[in-house]
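Trainee: Below is a structure I'd like to ask you about.
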Amino acid sequence: MKSISLTETEWSVMECLWEKAPRIGREIIECMEAERGWNRSTTLTLLKRLENKDAIIAEDGDKGIREFKPLISREDAALHEATGLLDRVYNGSLSMLVSTFAKKQSLSSEEIDELYAILKDAEKANK
(Lines give C-alpha, C1' and ligand atoms only; values in the text may rest on other atoms or scores of the structure.)
Protein backbone atom coordinates (compact mmCIF):
# COMPACT_ATOMS: atom_id res chain seq x y z
CA MET A 1 0.00 0.00 0.00
CA LYS A 2 1.32 3.41 -0.93
CA SER A 3 1.18 6.08 1.76
CA ILE A 4 0.24 9.25 -0.04
CA SER A 5 -1.43 12.16 1.69
CA LEU A 6 -4.04 13.90 -0.42
CA THR A 7 -5.42 17.38 0.04
CA GLU A 8 -9.16 17.98 -0.23
CA THR A 9 -8.75 19.30 -3.78
CA GLU A 10 -6.60 16.33 -4.78
CA TRP A 11 -9.29 14.00 -3.41
CA SER A 12 -11.77 15.58 -5.83
CA VAL A 13 -9.60 14.75 -8.83
CA MET A 14 -8.92 11.27 -7.51
CA GLU A 15 -12.64 10.64 -7.03
CA CYS A 16 -13.14 11.48 -10.70
CA LEU A 17 -10.46 8.94 -11.66
CA TRP A 18 -11.63 6.28 -9.22
CA GLU A 19 -15.09 6.58 -10.73
CA LYS A 20 -13.75 5.82 -14.22
CA ALA A 21 -10.23 5.29 -15.45
CA PRO A 22 -8.43 5.87 -17.62
CA ARG A 23 -9.66 9.33 -18.51
CA ILE A 24 -8.22 11.88 -20.85
CA GLY A 25 -7.47 15.39 -19.63
CA ARG A 26 -10.54 16.90 -21.27
CA GLU A 27 -12.81 14.46 -19.43
CA ILE A 28 -11.21 15.28 -16.08
CA ILE A 29 -11.41 19.01 -16.79
CA GLU A 30 -15.13 18.66 -17.59
CA CYS A 31 -15.68 16.55 -14.48
CA MET A 32 -13.98 19.11 -12.22
CA GLU A 33 -15.76 22.03 -13.89
CA ALA A 34 -19.12 20.33 -13.26
CA GLU A 35 -18.29 19.16 -9.72
CA ARG A 36 -16.25 22.10 -8.40
CA GLY A 37 -16.52 24.93 -10.93
CA TRP A 38 -12.79 24.76 -11.61
CA ASN A 39 -11.16 26.10 -14.75
CA ARG A 40 -8.82 24.14 -17.02
CA SER A 41 -5.66 25.57 -15.45
CA THR A 42 -6.64 24.55 -11.91
CA THR A 43 -7.38 20.98 -12.94
CA LEU A 44 -4.17 20.65 -14.94
CA THR A 45 -2.16 21.96 -11.99
CA LEU A 46 -3.73 19.35 -9.71
CA LEU A 47 -3.12 16.58 -12.23
CA LYS A 48 0.56 17.54 -12.36
CA ARG A 49 0.74 17.65 -8.55
CA LEU A 50 -0.84 14.18 -8.30
CA GLU A 51 1.53 12.87 -10.94
CA ASN A 52 4.50 14.23 -8.95
CA LYS A 53 3.19 12.46 -5.84
CA ASP A 54 2.95 9.18 -7.81
CA ALA A 55 -0.78 9.07 -7.08
CA ILE A 56 -1.61 8.98 -10.80
CA ILE A 57 0.14 8.16 -14.05
CA ALA A 58 -0.27 9.81 -17.43
CA GLU A 59 0.41 7.65 -20.46
CA ASP A 60 -0.01 8.20 -24.17
CA GLY A 61 -3.15 6.43 -25.30
CA ASP A 62 -4.82 6.17 -28.67
CA LYS A 63 -3.71 8.82 -31.15
CA GLY A 64 -1.13 10.14 -28.67
CA ILE A 65 -3.76 11.55 -26.31
CA ARG A 66 -2.61 11.36 -22.69
CA GLU A 67 -4.69 9.16 -20.44
CA PHE A 68 -4.66 9.48 -16.67
CA LYS A 69 -5.20 6.64 -14.24
CA PRO A 70 -4.80 6.26 -10.49
CA LEU A 71 -1.82 4.43 -9.03
CA ILE A 72 -3.44 4.16 -5.61
CA SER A 73 -6.81 2.67 -4.78
CA ARG A 74 -9.52 4.59 -3.01
CA GLU A 75 -9.38 2.03 -0.20
CA ASP A 76 -5.63 2.54 0.33
CA ALA A 77 -6.00 6.32 0.32
CA ALA A 78 -8.93 6.14 2.75
CA LEU A 79 -7.02 3.81 5.07
CA HIS A 80 -4.04 6.18 5.06
CA GLU A 81 -6.29 9.14 5.93
CA ALA A 82 -8.20 7.22 8.61
CA THR A 83 -4.99 5.98 10.22
CA GLY A 84 -3.64 9.53 10.27
CA LEU A 85 -6.83 10.83 11.89
CA LEU A 86 -6.82 8.01 14.44
CA ASP A 87 -3.20 8.65 15.42
CA ARG A 88 -3.40 12.45 15.35
CA VAL A 89 -6.73 13.05 17.07
CA TYR A 90 -7.47 9.91 19.09
CA ASN A 91 -3.97 8.76 20.12
CA GLY A 92 -4.51 5.57 18.11
CA SER A 93 -7.63 4.59 20.08
CA LEU A 94 -10.18 3.11 17.70
CA SER A 95 -12.73 2.70 20.48
CA MET A 96 -12.48 6.41 21.30
CA LEU A 97 -13.07 7.29 17.63
CA VAL A 98 -16.10 5.02 17.32
CA SER A 99 -17.48 6.27 20.63
CA THR A 100 -17.20 9.89 19.51
CA PHE A 101 -19.01 9.23 16.25
CA ALA A 102 -21.68 7.08 17.88
CA LYS A 103 -22.44 9.89 20.37
CA LYS A 104 -22.62 12.61 17.71
CA GLN A 105 -24.76 10.92 15.11
CA SER A 106 -27.40 8.27 15.38
CA LEU A 107 -26.56 4.87 13.97
CA SER A 108 -29.07 2.84 11.98
CA SER A 109 -29.80 -0.75 12.95
CA GLU A 110 -27.86 -1.88 9.90
CA GLU A 111 -24.80 0.15 10.91
CA ILE A 112 -24.94 -1.25 14.45
CA ASP A 113 -25.18 -4.79 13.05
CA GLU A 114 -22.19 -4.05 10.80
CA LEU A 115 -20.16 -2.82 13.75
CA TYR A 116 -21.02 -5.94 15.76
CA ALA A 117 -19.98 -8.14 12.83
CA ILE A 118 -16.68 -6.25 12.46
CA LEU A 119 -15.97 -6.62 16.19
CA LYS A 120 -16.81 -10.35 16.14
CA ASP A 121 -14.46 -10.86 13.18
CA ALA A 122 -11.72 -8.92 14.96
CA GLU A 123 -12.23 -11.01 18.08
CA LYS A 124 -11.92 -14.24 16.07
CA ALA A 125 -8.77 -12.96 14.36
CA ASN A 126 -7.16 -12.17 17.74
CA LYS A 127 -7.74 -15.69 19.12
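Trainee: Roughly how many Å is it from the Cα centre of segment 1-64 to that of segment 102-127, as a whole number?
Mentor: Cα centres, segment 1-64 to segment 102-127: 34 Å.
Trainee: Based solely on its DSSP helices, what 222 nm [θ] is calculated for the chain when runs of n ≥ 4 H residues each add -39,500 (n - 2.57) and the sum is averaged over all residues, nearest 500 deg cm²/dmol? Present the calculation step by step, with values, prior to reporting the outcome.
Mentor: Values: 6 runs with 83 residues, N = 127.
Here the helix-only value at 222 nm equals -21000 deg cm²/dmol.
Trainee: Using DSSP H assignments, which helices in the chain have an axial alpha-carbon span of 15 Å or above and a mean Kyte-Doolittle hydropathy of 0.5 or higher?
Mentor: Sorted by number, the helices that extend far enough and score high enough are 94-104.
Trainee: Tell me the carbon and sulfur percent of the accessible area for the chain, rounded to whole percent, probe radius 1.4 Å.
Mentor: 51 percent
Trainee: Shape of segment 1-79 from its Cα gyration tensor (a ≥ b ≥ c, root eigenvalues): rounded if a/c is under 1.5, otherwise prolate when a/b > b/c, or oblate?
Mentor: Oblate is the answer for segment 1-79, as a/c is 1.5 or above yet b/c matches or exceeds a/b.
Trainee: Using the Cα gyration tensor of segment 58-120, with a ≥ b ≥ c the square roots of its eigenvalues, what is the shape: rounded (a/c below 1.5), prolate (a/b larger than b/c) or oblate (neither)?
Mentor: Numbers: a/c = 3.74, a/b = 2.32, b/c = 1.61.
The shape class here is prolate.
Trainee: With r defined as the distance between the Cβ atoms of residue 126 and residue 101 and R0 fixed at 25 Å, what FRET efficiency is calculated, to the nearest 0.05?
Mentor: On the way: r = 23 Å, r/R0 = 0.90.
E between residue 126 and residue 101, to the nearest 0.05, is 0.65.
Trainee: Quick check: pseudo-label points 7 Å beyond the Cα along Cα→Cβ at residue 44 and residue 27, how many nm apart are they?
Mentor: Taking the simple label geometry, residue 44 and residue 27 are separated by 2.0 nm.
Trainee: Would you mind classifying segment 24-67 by shape? Square roots of the alpha carbon gyration tensor eigenvalues, ordered a ≥ b ≥ c; an a/c under 1.5 is rounded, otherwise it is prolate if a/b is larger than b/c and oblate if not.
Mentor: Oblate is the answer for segment 24-67, as a/c is 1.5 or above yet b/c matches or exceeds a/b.
Trainee: Here's something else I'd like to know. Which percent of Cα-Cα pairs in segment 23-127 sits in each 10 Å bin, short to long?
Mentor: Using 10 Å bins, I get a P(r) of 12, 27, 24, 22, 14, 1 for segment 23-127.
The values are calculated or read from the model by the stated rules, or taken from the named source; none is laboratory data. The structure presented is a predicted model; accordingly, all values stated were derived computationally and were not measured. Every residue, glycine among them, receives a Cβ derived from its backbone with ideal geometry; neighbour counts consider all protein chains shown. Keep in mind that these areas ignore ligands, DNA and RNA; they rest on the heavy atoms of the full protein, side chains included. Shrake-Rupley method; radii C 1.70, N 1.55, O 1.52, S 1.80 Å.
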